[in-house]
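**Student:** Could you have a look at this structure, given as structure tokens, before my questions?
Read-outs: derived from the displayed coordinates by stated rules, not from any lab. Fair warning: this is a prediction, and the values are worked out from it, not measured in the lab. Heads up, the Cβs are rebuilt from the backbone with ideal geometry, glycines too, and the neighbour counts pull from every protein chain shown.
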Number of protein chains: 2
Amino acid sequence: MQKILLDGSWRDAVSPSSTFHSFDPRENKSLTERSFPVSAWDELEQMIQAGSQAAEELLDVPSALIADFLDTYAAQIESEAQQLAKIAQEETGLEATSRFLEKELPRTIFQLREAAKSASSARWTEPTIASQANIRSMRGPLGGPVVVLGPNNFPFAYNGVSGGDFASAIAAGNPVIAKGHPSHPYTSQRLAIIAQKACDSVGLPRATVQFFYETKRETGLKLVSHPQVGAVGFTGSRPAGMALKKAAEEAGKPIYLEMSSVNPVFVLSEALKARSSEIAEALHLSCTSESGQFCTKPGLIVAEGTEAGLAFSDELEELFSKTAPGVLLSQSGQDAIAAAVGTMLEAGATVLTGGRPSPTKHIGYLPTLLRISATEFLKRPTPLQSEAFGPVALVVIAANPDETRAIARTLQGNLTASIFSGSSGENEKAYAPLARTLRVKAGRLLNDKVPTGVTPCPAMNHGGPYPATGHPGFTAVGFPASMLRFSALHCYDNVREDRLPPILRNRNPISGLLRLVDGEYTDQDLPA
Amino acid sequence: MQKILLDGSWRDAVSPSSTFHSFDPRENKSLTERSFPVSAWDELEQMIQAGSQAAEELLDVPSALIADFLDTYAAQIESEAQQLAKIAQEETGLEATSRFLEKELPRTIFQLREAAKSASSARWTEPTIASQANIRSMRGPLGGPVVVLGPNNFPFAYNGVSGGDFASAIAAGNPVIAKGHPSHPYTSQRLAIIAQKACDSVGLPRATVQFFYETKRETGLKLVSHPQVGAVGFTGSRPAGMALKKAAEEAGKPIYLEMSSVNPVFVLSEALKARSSEIAEALHLSCTSESGQFCTKPGLIVAEGTEAGLAFSDELEELFSKTAPGVLLSQSGQDAIAAAVGTMLEAGATVLTGGRPSPTKHIGYLPTLLRISATEFLKRPTPLQSEAFGPVALVVIAANPDETRAIARTLQGNLTASIFSGSSGENEKAYAPLARTLRVKAGRLLNDKVPTGVTPCPAMNHGGPYPATGHPGFTAVGFPASMLRFSALHCYDNVREDRLPPILRNRNPISGLLRLVDGEYTDQDLPA
């Protein structure tokens, strides 16, 4: 049986609840050469104890060392990229080269380096000084380990032990207890091995990174609600997220969730007139690439104008129907897509193309386009906003801008909302009220662009109102903003100069670091 | 019956569940000349509808207008200060001059003006631009009304319709639905009248400020969990806060709570040796001023050194026993103090002085000092951390620094933690580990200073880990930081220049506003 990483050592799991294997979705078969333990509570509790000790030690660790760890880890992932991509392809069915080597691994490495830069620059600490009152504050770590639970669809960029949540929690000075995902346990183990070596090589507390593969549902709920846990980061399905949210919040633990989103796209009348084929092609790709297994995949497309909308849905239908079904991550993923499609059909949508699992050896679902009129949509907007995590979209035909906006008003919280529009006349008048409605329903508002492809830049918001996430004020992507989630506000009142964290002393220790001193930003020292 | 403020008009309450009167705690009698309605659900639902409409309108209101409202409101409170202080004294028993005119009203006015400045400067929006990707983000309003529930003990500075939560929610562009507190309904009504006039005079949406006096518990829970609510701010008792937290969080609503805190004070051996009388006097005042009805009142005092600690508790005892009992806000407050003292006695504490309601006409509780040894404290640390919201403190005698730190380790989350220490030798060695333990257990760490007296400056953290509040990353006091609670992160991806909020356009519309452009802070325009 494969080992877990507890307090700096790879150890045998003690009395695991059960074991499981990796699964190759292209070959539709279990990879039985390795078995992975489902961890029992005792083991997780030991991780919490070791993590708490590490959390306390990390309070005194210079941020340069944390940055060093993140950079070392990134470099090592880079040097083992080929091997990592190969393992991940086998476990996920996603392409080693086009997906992992060209996109996801570079992004993962970039994120870790951005996290390192953010840790060093200390800008995320927002140092603030009221000199007369001698009150000083900054952001700092939470004081307990952060539990990170990654999703199935990004074995690197969102992995609990290498992704954005991991990088932001570590960069803010917290240790991490990472859960791998059963969709890619061996990939996650490789990452954890590299992380732990990097941790040892720079000399961080040994329990800064701990790792297990899986645990039973109720044990997971116990983990996220443990009093010594600092916070929780989760990316995954809404049912799992909601259960974790309840458990963590009842225990007073901050939890950051990225749960579900249908990423509505509004194609206004003038855009349809001017460039319907171009938009159809872009949306088709956005819906079906990598089998639509992206949290920003557009699942709801509102086409404005009855005739033009129907013609547009015909164009989309043709593109979808000609597309070969890709590989899905797992059988349970396929089942969940079928369930969501079923819910939408029951609520009145009709299938234009697809609508069933693919008749292939590999696990898959046929690229699927559904359609409904705005009138019907508005009768049952909730089931018609079911997320199908695959190559599935529902087109809603809106007769006019009033219907378009009425649809927008029924939307739940989403990660993104996109508007394709013309450049003059009617659309320009309709844009402002529609955008105002969508603005507070999505974290990222797009113009003339599909929502897939999350650029990891400081201005990104990969977040949004509930139920897309648990809180509209936080992003899971983009440094330093994503670190805010894993920080506490630390205020020092009349604390003696030599006992203050260096960043808050009179002398500014970091060249160029802006501190808010008496209401003004400055990188200058305070008079001694 | 007194009217409520709904959608810009003072109206009769429709089918209130019941009515209540103000109460004069000095005279221990009801003020029957006015009766106030306990609002039924229909009324609150109308407020939510009107508030939602206002939230949408506010998205297009320039922040200068919001600032104008806050300034106008502040000026009007200033000009009516005498009358407001008089009303509040009658309803709360707190002093019109020494408390309200000299302290709380100036602070309230200052906070509103700080909020106005923050709204104008727009620094709180944290504008961030990635120019190449053309992705831009800023903080903005939540898109729904913020429900603010104020406490009994600050009729102005924390009032739902004039305090810090109100000011930060409004400054961030959200409408507010404010609940007055039954301890001071007429004071709150006067404030709401002034607020609504200010709102009308500057031309904000009429439902920007709405106000009611009281509602039944289950109706309040329904209010905070309504899908259209943006967020909730609450200051008050832990039981009420916990019920609201559960309801709001189950509905996916951000809720900010300031619930309870015993504000531990550690007096280390050298400090006792050097200046025990000075410290005893400061702590005595901090515990008993205004009958100890402050959320930052020190309720737990750890004195280090058996002999010196006992002598110190004798000094405190003498000061407490010579102090006349002040007026408490309400009978239920007196009952809650008695219950908390009872819990601590049951857990092994002994009464040195006080320990019962005051034998006065007015409602009060005798200044009360309890004592216990560290050994006994460590056996039952949870009940011995009960908050008594009155002139009550528990002294714990620690034999040595190990015991002192062991006590620190058992503490729950607090607003503050204070360390009084010597300036050399033993204490300096003991300080670092003790401070490290306390750092992640309190929002504000103090040296040689009592925790009462919350300076409203940008560096203040009036917050702390659960259960002092619901989240360790937010402060309820200090601008612009407190506004973060009532904001969402709004990202614009490829949005056309003329459709962007002015703050994110190429031309920086606010002189001196720093924007994070491609990783660097600058107040310059972007090239067009």
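**Student:** How would A:138, A:1 line up from fewest to most surrounding beta-carbon atoms within 10 angstrom?
**Tutor:** A:1, A:138
**Student:** For the range A:472-479, in order, what is each residue's ³J(HN,Hα) by Karplus, 6.51 cos²θ - 1.76 cosθ + 1.60 with θ = phi - 60°, in whole Hz (x at glycine and Pro)?
**Tutor:** x, x, 10, 10, 8, 10, x, 9
**Student:** Provide the packing ranking of A:227-235, B:62-70, B:159-167, i.e. peptides ordered by the mean count of other C-beta atoms within 10 Å per residue, highest first.
**Tutor:** Numbers: A:227-235: 24.4, B:62-70: 19.4, B:159-167: 29.2.
Put in order of decreasing packing, that is B:159-167, A:227-235, B:62-70.
**Student:** What fraction of the Cα pairs in chain B, stated in percent, has a spacing above 43 angstrom?
**Tutor:** For chain B, the fraction of Cα-Cα distances above 43 Å is 21 percent.
**Student:** Return the long-range amide H neighbours of residue A:395 (sequence gap of 5 or more, or a different chain), with a cut-off of under 5 Å between placed amide H atoms.
**Tutor:** A:301, A:370, A:371, A:372
**Student:** Between residue A:321 and the same site in the other copies, what are the distances in nm, shortest first, taking label points 7 Å from Cα along the C-beta direction?
**Tutor:** The projected label point of residue A:321 is separated from its counterparts by 9.5 nm.
**Student:** Rank by packing, highest mean first: peptides B:210-217, A:413-420, with packing defined as the count of other Cβ atoms within 10 Å averaged across residues.
**Tutor:** Working: B:210-217: 22.1, A:413-420: 26.8.
Final packing ranking: A:413-420, B:210-217.
**Student:** D for the range B:114-213, whole µm²/s, Stokes-Einstein with Kirkwood Rh over alpha-carbon pairs at 25 °C and 0.890 mPa s: what number? Show your work: numbers first, answer last.
**Tutor:** Working: Rh = 14.5 Å.
Rounded, D is 169 µm²/s.
**Student:** At what distance in nm do the modelled label points of residue B:49 and residue A:423 sit from each other, each positioned 7 Å from its Cα along Cα→Cβ?
**Tutor:** In this crude spin-label approximation the distance works out to 4.3 nm.
**Student:** Taking the dipole about the Cα centre of the range A:265-447, with the C-beta of Lys and Arg at +1 and of Asp and Glu at -1, give me whichever of A:310, A:442, A:395 is farthest to the positive side.
**Tutor:** Of the options given, the answer is A:442.
**Student:** Let me ask something additional. At 7 Å along Cα-to-Cβ for each site, give me the label-to-label distance between residue A:86 and residue B:310 in nm.
**Tutor:** 7.5 nm
**Student:** Once you charge only the Cβ atoms, +1 for Lys and Arg and -1 for Asp and Glu, what is the size of the charge dipole of chain B about its Cα centre, to the nearest 20 debye?
**Tutor:** Working: 48 positive and 55 negative charges, 97 e Å.
Using Cβ point charges on Lys, Arg, Asp and Glu, chain B gives about 460 debye.
**Student:** Under 19 Å from a point 7 Å along the Cα-to-Cβ line of residue A:321: which residues of the range A:340-357 have their amide N that close?
**Tutor:** Under cut-off, by backbone N: A:349-357.
**Student:** Using Cα-only point scatterers and the Debye equation, what is log10 of I(q)/I(0) for the protein assembly as shown at each q in 0.07, 0.08, 0.10 Å⁻¹, rounded to two decimals?
**Tutor:** Here log10 of I(q) over I(0) equals -0.63, -0.82, -1.26.
**Student:** A further question follows. Placing a label point 7 Å from Cα toward Cβ, how far apart in nm is residue B:98 from its equivalents in the other copies, listed shortest first to one decimal?
**Tutor:** List, nearest first: 7.9 nm.
**Student:** Divide by every residue of the protein assembly as shown the summed helix terms, -39500 (n - 2.57) for each DSSP H run of at least 4, and state the resulting mean residue ellipticity at 222 nm, rounded to the nearest 500 deg cm²/dmol.
**Tutor:** Numbers: 28 runs with 384 residues, N = 1056.
Result for the protein assembly as shown: -11500 deg cm²/dmol, rounded to the nearest 500.
**Student:** Next question. When you look at the Cβ of every residue in B:436-443, what mean number of other chain Cβ atoms sits within 10 Å?
**Tutor:** Values: counts 5, 3, 0, 9, 11, 1, 3, 5.
Mean number of neighbouring Cβ atoms from other chains: 5.
**Student:** If you rotate chain A onto chain B, whose Cβ in A ends up lying nearest the axis, and how many Å away is it?
**Tutor:** Value returned for chain A: A:249, 2.
**Student:** Further question: Test of understanding: what is the full-extension gain from residue A:12 to residue A:382, defined as 0.36 nm times their sequence separation minus their Cα-Cα distance? Could the numbers behind the result be given before it?
**Tutor:** Details: separation 370, 0.36 × 370 = 133.20 nm, distance 4.62 nm.
Extra length from residue A:12 to residue A:382 when fully extended: 128.6 nm.
**Student:** Then there is this: Per-residue Cβ counts within 10 Å, from other chains only, averaged over A:247-255: what number is that? Could you put the intermediate results ahead of the total?
**Tutor:** On the way: counts 0, 1, 8, 5, 1, 14, 2, 6, 1.
That average works out to 4.
**Student:** Same structure, new question: Evaluate peptide A:484-490: per residue, the Cβ atoms of other protein chains within 10 Å of its Cβ; return the mean as an integer. Walk me through the numbers before you get to the answer.
**Tutor:** Details: counts 3, 1, 1, 2, 13, 15, 9.
Going residue by residue through A:484-490 and averaging, the value is 6.
**Student:** Per residue of the range B:324-336, in order, report the coupling 6.51 cos²θ - 1.76 cosθ + 1.60 (Karplus, θ = phi - 60°) as ³J(HN,Hα) in whole Hz, putting x for Gly and Pro.
**Tutor:** Rounded to whole hertz, the list is 6, x, x, 8, 9, 5, 7, 4, 5, x, 4, 5, 5.
**Student:** Among A:237, A:109, A:456, which residue has its Cα positioned farthest towards the positive end of the charge dipole of chain A, with +1 placed on the Cβ of Lys and Arg, -1 on the Cβ of Asp and Glu, and the dipole taken about the Cα centre?
**Tutor:** It is A:237.
**Student:** Could you size up the charge dipole of the range A:265-447 around its Cα centre, putting +1 on the beta carbon of Lys and Arg and -1 on that of Asp and Glu, and report it in debye to the nearest 20?
**Tutor:** Working: 16 positive and 18 negative charges, 110 e Å.
So the dipole magnitude of the range A:265-447 works out to roughly 520 debye.
**Student:** Something else now. Principal axis lengths of the range A:265-447 from Cα atoms, whole Å, largest first?
**Tutor:** 51, 29, 27
**Student:** Something else about it: Per-residue HN-Hα couplings for the range B:60-77, Karplus 6.51 cos²θ - 1.76 cosθ + 1.60 at θ = phi - 60°, whole Hz, x for Gly and Pro?
**Tutor:** Once θ is set to phi - 60°, the couplings for the range B:60-77 become 9, 8, x, 5, 4, 6, 5, 4, 4, 4, 4, 5, 4, 4, 4, 5, 6, 4 Hz.
**Student:** Assuming R0 = 60 Å, can you tell me the calculated FRET efficiency for the pair residue B:29 and residue B:399, based on Cβ-Cβ distance, to the nearest 0.05?
**Tutor:** Details: r = 50 Å, r/R0 = 0.83.
It comes to 0.75.
**Student:** Tell me, how many Å apart are the Cα centres for the range A:474-528 and for the range A:84-145?
**Tutor:** If we compute the Cα centre of each part, the gap is 19 Å.
**Student:** Sticking with this one: Taking the Cα centroid of the range A:6-49 and of the range A:378-450, what is the distance between the two, rounded to the nearest whole Å?
**Tutor:** About 42 Å separates the Cα centre of the range A:6-49 from the one of the range A:378-450.
**Student:** Just order A:373-386, B:109-122 by mean Cβ neighbour count inside 10 Å, highest at the front, would you? Each step should come with its number before you reach the end.
**Tutor:** Numbers: A:373-386: 18.1, B:109-122: 22.8.
Order by mean packing, descending: B:109-122, A:373-386.
**Student:** Taking the label point 7 Å from Cα in the Cβ direction, how far apart in nm is residue A:32 from each other copy of itself, listed shortest first?
**Tutor:** Result, one decimal in nm: 8.7.
**Student:** Then there's this: Suppose every Lys and Arg Cβ carries +1 and every Asp and Glu Cβ carries -1, with no other charges. What dipole size does the protein assembly as shown come out with about its Cα centre, to the nearest 20 debye? If you can, show how the numbers build up before the last one.
**Tutor:** Values: 96 positive and 110 negative charges, 126 e Å.
That gives a dipole near 600 debye.
**Student:** Quick one: which residues, 5+ away or cross-chain, put their amide H under 5 Å from the amide H of residue A:413? H built at 1.01 Å from N.
**Tutor:** Sorted by chain and number, the residues that satisfy this are A:468.
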